[in-house]
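Notes follow once the structure below has been shown.
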Amino acid sequence: NLFFGQQYGYERSLIEGILNQGKIPVALLYTPVVDQFVQAYPESITLFLNPADVGLLKERMEGRGDAADSVERRMAGVKTELASFQANRALYQEVIDVHGNTATEEALARIAARYSLSNLLKA
């Protein structure tokens, strides 16, 4: 799937290989493709990592020296993500507000604790 001008996706064999090992894959997806993933894996638990401060995202990109056109493209992508989330809110079991660079790791730890999942594996 094309998003932010790049091709993204997971090979079904990768996801199924992880499942066949008795492990739980964690797939980071862009909101416009969550419906496709849920269709393929209806037992999925879907969470939306909500950026608490979109302005902070832009500041961080500018602060690390990202090119202005790259920042604008990414900010447009953020708007697309948020709009897609709002349009498809029913696909998500939970929304987790995140702050800072460790958001994904913190969210995974909370998910693991909440669902008693000791064998999370990033895909």
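In table form, for the structure just shown:
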{"item": "Longest to shortest principal axis, alpha-carbon extents of the stretch 48-97, angstrom", "result": "36, 17, 11"}
{"item": "Residues with amide H under 5 Å from that of Phe48, placed H, sequence gap 5 or more", "result": "Glu94, Val95, Ile96"}
{"item": "Cα-centred dipole magnitude for the stretch 35-95, charges only on beta-carbon of K, R (+1) and D, E (-1), debye, nearest 20", "result": "80"}
{"item": "Loop sites in the stretch 25-107: trypsin sites (Lys or Arg not before Pro), DSSP, at most 10 other Cβ within 10 Å", "result": "Arg64"}
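The numbers here are math on the coordinates, done by the rules we state, and not lab data. What you are looking at is a predicted structure, and each value in this text was computed from that prediction instead of being measured. Don't worry about glycine lacking a Cβ; one is built from the backbone with ideal geometry, like all the others, and counts go over all protein chains shown.
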